[in-house]
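Visitor: Below you'll find the structure I mean.
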Amino acid sequence: MKLAELYRHVKPEAAKLEKEIEAAITSDHDVLEQTSAHILQAGGKRIRPVFVLLSAKCSSYEFDEIKKVAVPLELIHMASLVHDDVIDDADTRRGRETIKSRWDNRTAMYTGDFLFAKAIQKAAESKFLDVHPILSRAMREMCIGEIEQLQDQYHADQSLKDYLRRIRRKTALLISVSCELGAVVSGADDDLRRALKWYGYYAGMAFQVTDDILDFTGSEKELGKPAGSDLIQGNITIPALYAMEEDAELNRMIRDYTNDPERVHLPMDDVIRRLRQTNAIFKSRQLADSYVNKAVMMLKPFASADTDSLIRIAHFIGGRRF
């Protein structure tokens, strides 16, 4: 089953949101028009707008208000990807050239800034006052998360707590905000709004843990980048942390590399082989499953066809293989 099948009942609205995103990135400047279109055409799951749609469906549904938060959320996500590619010196994303690769670093940074500005402009159209502080807090926390990732980069002495703190800001926060804002613009009561917010947080944590698993279990064709790319870039994710606890030689290899990445070669094929021989993938999947279960429990008291869609998406996120 594909993710899109789980929200096919809102597919017409999702298609409308895609058009709204396309319209939102238009610019009078040719380069910004081209670069913004480039990142949009790279595709993606558009999971944040979908979470807004499905969360709004749980209460009173008004598309014209939904688009004023769903579009900014996707633009914020797109902007963060453009900036990430500069920081990570990434040449490809989803199998396509990155903006920084096709143009240059400065053009990519200004494109990301442009997308952030467009997000703020679109969100300003919302009549719901809660939208603005929620979005501004999310953007602030995401920036802190990026700084934390830089500080943790090539740092082998990390704990599970460090990793979870990092992915909370990197991924879970924006998915949580997507669900919360869907509740806000649909006039959901406080209990449902709180439940959707926490559902999104736990689903987002499961999403990122699963992404980090796939970085070691997926193929380059599936991932759109070489397997093990996160580790090569100095980002030690949960499978690597678990594997380092079990395999002393793997621990040494990763530490040697992170201590001097300019001079030490990391044999990624060997690293992935050794990692897969440990319990790291199994334990990481257990962690993802625990977050999926927490997400599901948040919506149990609000059983409906719409919350059922969100529950099925949470299970899909935790169980996906690419």
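The values are calculated or read from the model by the stated rules, or taken from the named source; none is laboratory data. Everything numeric in this text was worked out from a predicted model, so none of it was measured. Don't worry about glycine lacking a Cβ; one is built from the backbone with ideal geometry, like all the others, and counts go over all protein chains shown. Calculation scope for accessible area: heavy atoms of the full protein, side chains included, ligands and nucleic acids excluded. Shrake-Rupley method; radii C 1.70, N 1.55, O 1.52, S 1.80 Å.
Visitor: Quick one: in segment 112-134, of everything that is over 26 Å from D28 (Cα atoms) and of a type in the set (A, V, I, L, M, F, W, C), which residue is surrounded by the most Cβ atoms within 10 Å (Cβ to Cβ)?
Guide: V131
Visitor: Identify, from the list F63, F51, the residue that is over 25 Å from R93 (Cα atoms), open to solvent by less than 40 Å² (accessible area, probe 1.4 Å), touching a residue at least 12 places away in the same chain (Cβ under 8 Å) and of a type in the set (F, W, Y).
Guide: F63
Visitor: Pick from segment 12-54 the residues that are in contact with a Phe, Trp or Tyr (Cβ under 8 Å, 6 or more places away or on another chain) and of a type in the set (S, T, Y): which of them is nearest to L135 (Cα to Cα)?
Guide: Taking the candidates together, the pick is S36.
Visitor: Separate question: Which number in (1) at pLDDT 95 or above; (2) over 22 Å from the mean Cα position of the chain (by Cα) marks the one condition that V296 misses?
Guide: (2)
Visitor: Just need a number here: residues in segment 158-201 that are among the basic types (K, R), open to solvent by less than 40 Å² (accessible area, probe 1.4 Å) and closer than 21 Å to F63 by Cα.
Guide: Summing the residues that are among the basic types (K, R), open to solvent by less than 40 Å² (accessible area, probe 1.4 Å) and closer than 21 Å to F63 by Cα in segment 158-201 gives 0.
Visitor: Within segment 282-289, identify whether any single residue is closer than 19 Å to A156 by Cα and of a type in the set (G, A, S), and answer yes or no.
Guide: Yes, that holds for at least one residue.
Visitor: Assess whether S27 counts as being outside any helix (DSSP H, G or I) and in contact (Cβ under 8 Å) with a residue 40 or more places away in the chain.
Guide: Here the answer is yes, as S27 does meet what is asked.
Visitor: Something else about it: What single numbered condition from (1) on the phi < 0 side of the Ramachandran plot; (2) open to solvent by 70 Å² or more (accessible area, probe 1.4 Å) fails to hold for D89?
Guide: It is condition (1) that D89 fails.
Visitor: Examine segment 281-292 for a residue that is part of a helix (DSSP H, G or I), modelled with pLDDT of 90 or more, open to solvent by less than 20 Å² (accessible area, probe 1.4 Å) and of a type in the set (A, V, I, L, M), and state whether such a residue exists.
Guide: Within segment 281-292 (the criterion being part of a helix (DSSP H, G or I), modelled with pLDDT of 90 or more, open to solvent by less than 20 Å² (accessible area, probe 1.4 Å) and of a type in the set (A, V, I, L, M)), the answer is yes, since at least one residue qualifies.
Visitor: Picking from I213, I236, which residue would you name as being more than 15 Å from the chain's Cα centre (by Cα), buried (at least 20 other Cβ atoms within 10 Å of the Cβ) and closer than 29 Å to R96 by Cβ?
Guide: Only one candidate qualifies: I236.
Visitor: Say we look at segment 1-47 and pick out the residues that are within 23 Å of S101 (Cα to Cα) and of a type in the set (V, I, T); which of these is surrounded by the fewest Cβ atoms within 10 Å (Cβ to Cβ)?
Guide: Among those residues, the one meeting the criterion is T26.
Visitor: Quick check on K300: is it open to solvent by 20 Å² or more (accessible area, probe 1.4 Å), in contact with a helix residue (DSSP H, G or I) (Cβ under 9 Å, 6 or more places away or on another chain) and in contact (Cβ under 8 Å) with a residue 40 or more places away in the chain?
Guide: Answer is no for this residue.
Visitor: For S55, state whether it is polar (S, T, N, Q), within 29 Å of P301 (Cβ to Cβ) and at pLDDT 90 or above.
Guide: Yes; evaluated as a whole, the condition is true for this residue.
Visitor: Determine which single condition R102 fails, assuming it passes every other condition in (1) closer than 13 Å to D84 by Cβ; (2) over 19 Å from the mean Cα position of the chain (by Cα).
Guide: Result: R102 fails condition (1) only.
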